[in-house]
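Structure, as structure tokens:
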Amino acid sequence: MTVHAYTSFSYSYLDRARVLAASLRRQHPDWVIWAVLTDKASPDFSVDWSAEVFDKVVTAEELFGAATDSWLFRNDIVEACTAVKGRALQRIMDQPGAEKVFYFDPDIALFNDMMEVEQLLDDEAIVLTPHQLDPDDRSETQAIRDNEITSLNYGVFNLGFVAVRNSPEGRRFADWWADRLEDWCHDRLDIGLFVDQKWCNLIPCFFDGVKVLRDPGYNVASWNLSQRTLKFDSQGTARVNGAPLRFYHFTKLGSIGDKMTRRYAGDNSEIFELWWWYRLQIVANGQRGIPNRWWHYGQFDDGTPIPKSVRELYRSRVDLQKAFPKPFRTGEGSLHAWLRHKGYLK
Amino acid sequence: MDILFFLLSKNGKPRLLVRYMVFRSNRTPRKPFRRFVTKKNGNVRRMFRPWVERMADSQGPGQAKVADDKVKHPDLLILERMRPLEEKVAKRKHGKTPEKLLARDALHEVLGQVFRNWLVVSVGHDDYTRIPGGVQVCIQREQYLTNAAGGHYLNIHPWQPLPRMAHECEDPDPVVVLVLDGVQVGTCRMSVLTEVLRTRAETGLRMLVTLHHLLGHSPERITDMCRIAHPEDVFLWLHDFFTLCPGVRLQRNDLQFCGAPDLASNACGLCVYGPERVAHLDRMKGLFAELAPKVIAPSQVTLDFWESVAAFRVAGTRVVPHVTLEWVPRADPDPVSDRPADHTRIRVGFLGTAARHKGWPIFQRLSYMPELADRFDFVALTASKAELRGKAISVNVTPEHPNAMADAVREQKIDLVLHWPDWPETFALTALEAMEGGAFVVTNSGSGNVAASVRNYDRGVVLTDERALLDFFEGDAVEALARRARETWAAFSVQIVPSRLSLAAFEETL
């Protein structure tokens, strides 16, 4: 019986995924670590996967087969890399001996082991971590807006992490999740959707054996720093509100993440130390040659960028999907030519 | 809460006088208002933040008002400047090729003429004859004591200074600078020095080795050299915690004392010194295993801590303070520093380098607090640049003026010295210089030998944390302590009693 962990990313997040994988390997040398890759390399770079920490790599093409192009065209990079999580979970559960499966976003790093969750899965089917565990003070209107109202909009559980037992109930969840993500993994707040995360508000309603993990050491991030304080004890263990820091979600590396961290870390300078460490790791794990903001599926095969509006058009028009099953192609009779003709592309 | 805010503000802006009633200038609320103003985690509630942010006129330079998305936390500024250790190494390397290295015969010639009965080889990290500092003063005194006792004193320090030990892959046989009896006599490779010393030892030279610091050295080559000496004659000083980590103060990312945790701990994994510490400890263990040196600590508190965390092979340990103090009843009043016991204003001093790890930011912050301005004068006695609301007086301790700091304390009639390091100092000469000059010391319980000296001599106060420090300065206890300092100074003069440093240990074996 084996425990599997996977993450989903494109090449532009390879550095982050490597940091996650290394931290997973440090904590759990016996786990099988998967990379779910929704991307292809450009001629400017190549990755030797046999030299990576990952034990296995599975691509979107392997998960979606002949329908990959048509399906991927309907999603932007965030939607696509998120939507593959469902099918990847099914694929991993199909592995002989796979007993428990953990998903981590690539911008997470583990600092202490996950044995507690592994043991929880002996009895539970699904383990989720909420964005917040404690309400903000009534007077903290900015925090309520940033944290609680944002959670109401984007989903109360953070789907940067989910752990599932390969049991009938766990499989039922995986199947439902994969279905929804294949059809509805969209960033459409106007209709109440936010990729895979908003769907998971329904998990406690639909499934039994759901554990909402209310431990401040898990999934620490800017959205819950207003209620969590990181300190090191005399043994050098990082503790959040007294509990060992299990993993930190380094969301939005850059100026937005900096701003939110500064806003809510306040005087908790240990948080800044974590970020300082993470930045160094990202630099050390970077891959030379990956073009800035690279995503193979972000453009037509002649390099023309695909606007989000075109993806949404294709997504909403079944006739286009049938007429152009290879939407990335350019040239005569292609979707690209049709879009230009109709004025959707210049 | 809203009613309170309305009463204290006008059109959403803080009422000037009320603002000063609610907040101290260091942005912390005064005790009666603490519950209303701060959250459980200690952060100021958002509605009160403008009150703090508008108090810029009362704050010191570089001091954060409120750490939030607009104002960076001071530690964040330090982290932004911090580079990985190997980048520091690359920056430190001068890239020059050593010239005029002494070969075996030339070194024999340089050293041979002056060797008499016995020789002390001292290993340091820089040129003690040129660079000021506590360890350097110690080595200098040790040289004088050795020479006075009829021995010669050969100090070696790395030709290429480094912020860690020299790696074998960089240069397996590093170059060292030789300072014989206080005079620089040349440079040579460690292997050449070892060969020459071995030859000398075979012809009857008695050699003692005192390892003051291994920064920049190759512990393997130092071990080779030490093997020439009799096993009983190798001593190692704990001037700091370099034996435990390349971060000599054991401060994680140069910010907070870590206590030398396990290598696999989160603290080490996240620290700038963590990656180097793995090999560092291995090599240090190798040196101790080979040499089993006698360990000398400048204070009992340092030795106790070191023994609690170090797992090294040693032949013995002992405590040798650099100096001790004695109070002698005074026959006549001190002509320089007459301090009336009922003097209303209290003079608070800061001694030495204006550095974070010495507690300078806290002293600076106190000096800018308007509510302290009526009762205290702040005086910085330092050779470094010091910006404060008060007086900065340049003081340079040199071999010619070893008592300059204590004299300055006396001349400036300092009542209390704030010595507030954020790591357990192993000796802290400045704390004793403060007492020698007649001041009492205010420190924290994590300050190592500073707190131990304050308790041992009963000359000051040991406080738990910064909150207690602020309460102390705002309360009456500070006046009582200053009064005690003045009364003690009126009744006693202070004599400093230097120890014989390594000689105290050598004399047992010589």
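Couple of notes before you dig in:
- In the range B:407-435, the residues that are over 16 Å from the mean Cα position of the chain (by Cα), closer than 25 Å to B:L238 by Cα and surrounded by fewer than 24 Cβ atoms within 10 Å (Cβ to Cβ): none
- Test: residue in the range B:258-278 that is crowded, with 21+ Cβ neighbours inside 10 Å, assigned to a helix (DSSP H, G or I), more than 14 Å from chain A (Cβ to nearest Cβ) and out of contact with any Gly (no Cβ under 6 Å at 6 or more places or on another chain): no
- Verdict on A:R239 being within 12 Å of chain B (Cβ to nearest Cβ), in contact (Cβ under 8 Å) with a residue 24 or more places away in the chain and crowded, with 17+ Cβ neighbours inside 10 Å: no
- Residue in the range A:227-234 that is within 30 Å of A:I77 (Cα to Cα), in contact with a helix residue (DSSP H, G or I) (Cβ under 7 Å, 6 or more places away or on another chain) and not aliphatic (A, V, I, L, M) present: no
- Some residue of the range B:16-28 being in contact with a strand residue (DSSP E or B) (Cβ under 8 Å, 6 or more places away or on another chain), modelled with pLDDT of 75 or more and under 30 Å from B:E466 (Cα atoms): yes
- A:Y297 vs. criteria outside any loop (DSSP other than H, G, I, E, B), under 29 Å from A:S46 (Cβ atoms) and either in contact (Cβ under 8 Å) with a residue 60 or more places away in the chain or out of contact with any strand residue (DSSP E or B) (no Cβ under 7 Å at 6 or more places or on another chain) (or both): yes
- Of all residues making up the range A:157-210, the number that are in a helix (DSSP H, G or I), touching a residue at least 60 places away in the same chain (Cβ under 8 Å) and among the hydrophobic types (A, V, I, L, M, F, W, C): 6
- Entry remark, the range B:482-494: residues being over 13 Å from B:V328 (Cα atoms) and surrounded by fewer than 19 Cβ atoms within 10 Å (Cβ to Cβ) number 3 in total.
- Against the conditions (1) touching a Ser or Thr at 6+ places or on another chain (Cβ under 9 Å); (2) modelled with pLDDT under 95; (3) part of a helix (DSSP H, G or I), A:Y314 satisfies every one except (2).
- Residue within the range A:179-186 that is of a type in the set (D, E), within 30 Å of A:Q119 (Cβ to Cβ), surrounded by fewer than 18 Cβ atoms within 10 Å (Cβ to Cβ) and away from chain B (no Cβ under 11 Å) present: yes
- Counting the residues of the range B:249-278 that are touching a residue at least 60 places away in the same chain (Cβ under 8 Å) and out of contact with any strand residue (DSSP E or B) (no Cβ under 9 Å at 6 or more places or on another chain) gives 5.
- Matching residues, the range A:34-45, being within 12 Å of A:V58 (Cβ to Cβ) and aliphatic (A, V, I, L, M): A:A35, A:V36, A:L37
- Filtered residue count, the range A:263-292, keeping only those that are closer than 11 Å to B:L79 by Cβ and charged (D, E, K, R): 3
- Residues satisfying the stated conditions in the range A:170-192, i.e. within 27 Å of A:E124 (Cα to Cα) and among the aliphatic types (A, V, I, L, M): A:A174, A:A178, A:L181
- Flag for A:I256 being within 24 Å of A:R188 (Cα to Cα) and either at pLDDT 95 or above or not in a loop (DSSP other than H, G, I, E, B) (or both): yes
- Look at the range A:269-283: where a residue is touching a residue at least 60 places away in the same chain (Cβ under 8 Å) and a partner is of a type in the set (F, W, Y), sitting 6+ places away or on another chain with Cβ atoms under 8 Å, you get A:Y278/A:Y248; A:Y278/A:F250.
- Residues satisfying the stated conditions in the range A:131-156, i.e. assigned to a helix (DSSP H, G or I) and either of a type outside the set (D, E) or within 14 Å of A:N219 (Cβ to Cβ) (or both): A:T141, A:Q142, A:A143, A:I144, A:R145, A:N147, A:I149, A:T150, A:S151, A:L152, A:N153, A:Y154
- For the range B:105-119, the condition holds for no residue, the condition being that it is aliphatic (A, V, I, L, M) and free of Cβ contacts under 8 Å to residues at least 12 places away in the same chain.
- Odd one out for B:A311 among (1) outside any helix (DSSP H, G or I); (2) under 25 Å from the mean Cα position of the chain (by Cα); (3) at pLDDT 95 or above: (3)
- In the range A:261-270, the residues that are facing chain B (nearest Cβ under 7 Å) and either under 16 Å from A:N147 (Cα atoms) or in a helix (DSSP H, G or I) (or both): A:R262, A:R263, A:G266, A:S269
- Residue that is surrounded by the fewest Cβ atoms within 10 Å (Cβ to Cβ) [pool: residues in the range B:234-257 that are under 12 Å from B:T302 (Cβ atoms) and of a type in the set (F, W, Y)]: B:F241
- Lone unmet requirement of (1) farther than 14 Å from A:Y264 by Cβ; (2) within 21 Å of the chain's Cα centre (by Cα) for A:S167: (2)
- Flag if A:F232 is among the aromatic types (F, W, Y), at the interface with chain B (Cβ under 10 Å from one of its Cβ atoms) and farther than 21 Å from A:D136 by Cβ: yes
- Of the strands (runs of 3 or more DSSP E) lying entirely inside the range B:399-472, those containing at least 3 residues that are of a type outside the set (S, T, N, Q) and closer than 13 Å to B:L351 by Cα span B:416-418, B:440-444.
- Among the residues listed as B:V309, B:V196, the single one being farther than 26 Å from A:D113 by Cα and touching a residue at least 12 places away in the same chain (Cβ under 8 Å): B:V196
- Scanning the range A:271-287 for residues that are in contact with a Phe, Trp or Tyr (Cβ under 7 Å, 6 or more places away or on another chain) and either hydroxyl-bearing (S, T, Y) or more than 9 Å from chain B (Cβ to nearest Cβ) (or both), we see that the one that is surrounded by the most Cβ atoms within 10 Å (Cβ to Cβ) is A:Y278.
- Of the residues in the range B:185-199, at least one is more than 20 Å from B:D126 (Cα to Cα) and touching a His at 6+ places or on another chain (Cβ under 6 Å).
- B:R206 vs. criteria more than 14 Å from chain A (Cβ to nearest Cβ), surrounded by fewer than 20 Cβ atoms within 10 Å (Cβ to Cβ) and touching a strand residue (DSSP E or B) at 6+ places or on another chain (Cβ under 6 Å): yes
- The strands (runs of 3 or more DSSP E) found entirely in the range A:25-125 include none that carry 1 or more residues being modelled with pLDDT under 95 and out of contact with any Pro (no Cβ under 9 Å at 6 or more places or on another chain).
The values are calculated or read from the model by the stated rules, or taken from the named source; none is laboratory data. Predicted model, so just to flag it, every value in this text is computed and none were measured. All Cβ positions, glycine included, derive from the backbone under ideal geometry; neighbour counts span all protein chains shown.
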